[in-house]
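K.L.:
Have a look at this one.
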Amino acid sequence: MAQLVVVKARLMKSARGVFLSARVYSHYHLAMSDIFVSFADEERHVALALKDLLQTRMDGVSIFLTADRWQMLAGERWLDRIETELRAAKVVVLVLTQKSVYRPWINFEAGAAWLKGALVIPACFGSLRVRELPKPYNDLLGVQLEERDDVYFLQVAVAKALSRIPPPPEIADTPEFLALTAAIGEVARTDDTPIPASAGDNKVAEVPSVEEVSILEMLTEFAPKVNVDAVMKRLSIKREKAEYYLDRLREQRLIGRTDRYDNGSPLHYLTQQGREILVRKGRL
């Protein structure tokens, strides 16, 4: 288990006033951690809040997170450190959203954890729901970070993997859980991915752009053989823009994602709502 070193600050007085004799901080020596948290950089505040929650609720558990500056020492070869931590971790928690679930580094770390036999837990938040996880993640039982019961379920799973007694259930929202949901809300506020309207909402779906209508038409011709590469070729656009259009159409539930892949990218299908859009526009 990692050795936790805490340096406590002392207030001292001088002629110039009050100052700190040492900065308050904590860091880990090179002993390895029990838990590895994988995340996309723009979602690091959610990962940090989750780390704080787990360490508060599970006394003594050690967690590796590259966003924690005190865990990566100046001059370290970061890739070597990540490899070492992945080899040692008994649990790997994947912090996932609609965007990060396809990030190469997260998939790389998830694959490494799965091969070594670690417990791999998808932890979803935002517009990505557990039931919508793509293959192969949907073979794993995931949790929804906005749900207090799911966060406790995560703690129980971690405790079992580490041969610990799980903490008692929470009967109210703790400060750590509130901090986690606040971090999730902040990511959602700054995210430019459209938020899907749920079935009971009275929100009016956004009108698809010309490019998005072209993608819907593609799905009537080639489904289910349409992936991001096919969209790039058909519209002569870059990958980032093709992914953006597919994300928008999925969020509006005009297309869906299958569990089949072509060249590493998921294939899509046209939903009934998408078909109705084409009918209204006289394209079908």
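The values are calculated or read from the model by the stated rules, or taken from the named source; none is laboratory data. Since this is a predicted model, take the numbers as computed values, not measurements. Positions of Cβ are backbone-derived with ideal geometry, glycine not excepted, and every protein chain shown enters the neighbour counts.
K.L.:
Hey, does the range 158-176 have a residue that's within 30 Å of residue 230 (Cβ to Cβ), of a type in the set (Ser, Thr, Tyr) and either more than 25 Å from the chain's Cα centre (by Cα) or at pLDDT 85 or above (or both)?
P.N.:
No, that holds for no residue.
K.L.:
I'd like to know if the range 212-224 contains one or more residues that are in contact with a Ser or Thr (Cβ under 7 Å, 6 or more places away or on another chain) and more than 18 Å from residue 128 (Cα to Cα).
P.N.:
Checked against the condition, which is being in contact with a Ser or Thr (Cβ under 7 Å, 6 or more places away or on another chain) and more than 18 Å from residue 128 (Cα to Cα), the range 212-224 yields at least one hit.
K.L.:
Of these, 109, 76, which one is surrounded by 20 or more Cβ atoms within 10 Å (Cβ to Cβ), of a type in the set (Asp, Glu) and either out of contact with any Gly (no Cβ under 9 Å at 6 or more places or on another chain) or touching a residue at least 60 places away in the same chain (Cβ under 8 Å) (or both)?
P.N.:
None of the others qualify; the one that does is 109.
K.L.:
Can you tell me which residue within the range 16-47, out of those that are over 20 Å from residue 74 (Cα atoms) and in a helix (DSSP H, G or I), is modelled with the lowest pLDDT?
P.N.:
So, considering only residues that are over 20 Å from residue 74 (Cα atoms) and in a helix (DSSP H, G or I), the one modelled with the lowest pLDDT is 42.
K.L.:
While we're on this one: State the number of residues belonging to the range 227-254 that are modelled with pLDDT of 85 or more and within 16 Å of residue 99 (Cα to Cα).
P.N.:
Of the residues in the range 227-254, 14 are modelled with pLDDT of 85 or more and within 16 Å of residue 99 (Cα to Cα).
K.L.:
Identify, please: which residue in the range 89-111 is of a type in the set (Ser, Thr, Tyr) and in a helix (DSSP H, G or I) and is, among those, farthest from the chain's Cα centre (by Cα)?
P.N.:
Per the criteria, the residue is 102.
K.L.:
Also, quick follow-up: Among 122, 136, which is the only one that is within 21 Å of residue 256 (Cβ to Cβ), touching a Phe, Trp or Tyr at 6+ places or on another chain (Cβ under 6 Å) and not assigned by TED's automatic domain parsing to the domain that holds residue 246?
P.N.:
So the residue among 122, 136 that is within 21 Å of residue 256 (Cβ to Cβ), touching a Phe, Trp or Tyr at 6+ places or on another chain (Cβ under 6 Å) and not assigned by TED's automatic domain parsing to the domain that holds residue 246 is 122.
K.L.:
Looking only at the range 48-73, filter to residues that are buried (at least 20 other Cβ atoms within 10 Å of the Cβ) and basic (Lys, Arg); which one of those is modelled with the lowest pLDDT?
P.N.:
Taking the candidates together, the pick is 57.
K.L.:
So which residues in the range 219-278 are aromatic (Phe, Trp, Tyr) and assigned to a helix (DSSP H, G or I), if there are any at all?
P.N.:
Those that are aromatic (Phe, Trp, Tyr) and assigned to a helix (DSSP H, G or I): 222, 244, 245.
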